[in-house]
Amino acid sequence: MPIQTPPLPGGGTPPAVPFPGGMSPTSGSATGTASVSAIARAAVRTPAAAATQAINTPAPAVSGSARVTEAVRAARKTVSSAVGRGPRRARLHLKRIDPWSVMKFAFAVSFVLFVVLIVATSVLYLALDAMDVFKSINQVLAELVSSTGSTGQSTFRITAKGVIGSAALLGVVNVVLFTALATLGSFIYNVCADLVGGIELTLAEKD
């Protein structure tokens, strides 16, 4: 009676196993034993060959909707892990400040403040001059000078133009001083940062 070998997982038929020396399975006990051993080795090799064929066989292409679903799942997993971890933080050191950039920034800020000062002063004191406030102040000052017994006529007068001019002069001085001091401060910070390592900053994301 011939020995039947198990079918392959892919549905194919196993390869024929040659018997050693051209013997048949019915040619004696030794021949039968050798045949059974050969058939057993073939049965063991057959699943291994089938597994290798299954690995080498390319998998079916994944559809576009499946890829989108996998991407959404990965994004949700990343977001959930980030939320659980909390906002990220970074500790940095402010090592050096560029004096040229500090000078430009300080000049721009001081110039803007100068323009704001001139505009505010002009609006305020021109309005006061329109209401004759300076005229009243000048009359009071003249009466005070005459009451002190001074014979000379005072030429000092408070006017809107004089106040605005004084404010402009102070603004120009402020621009020069602010720019120079800010630039000097950047040089001093760079020297101190080389000695002690600079200012430590902790940056974090919003909650």
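The set of residues in region 174-207 being of a type in the set (S, T, N, Q) and in contact with a Pro (Cβ under 7 Å, 6 or more places away or on another chain) consists of Thr183, Ser186.
Restricting the first member to region 111-129 and to residues that are charged (D, E, K, R), and the second to residues that are open to solvent by 50 Å² or more (accessible area, probe 1.4 Å) and not in a helix (DSSP H, G or I), the beta-carbon pairs closer than 9 Å and six or more apart or on different chains are Asp129/Thr159. When region 94-148 is limited to residues that are open to solvent by 60 Å² or more (accessible area, probe 1.4 Å) and not in a helix (DSSP H, G or I), the one that is nearest to Leu177 (Cα to Cα) turns out to be Asp98.
The values are calculated or read from the model by the stated rules, or taken from the named source; none is laboratory data. The model shown is predicted, which means the values in this text are computed figures rather than measured ones. Please note: Cβ atoms are built from the backbone with ideal geometry, for glycine as well, and neighbour counts cover all protein chains shown. Just the protein is used for accessible areas: all its heavy atoms, side chains included, with ligands, DNA and RNA removed. Shrake-Rupley method; radii C 1.70, N 1.55, O 1.52, S 1.80 Å.
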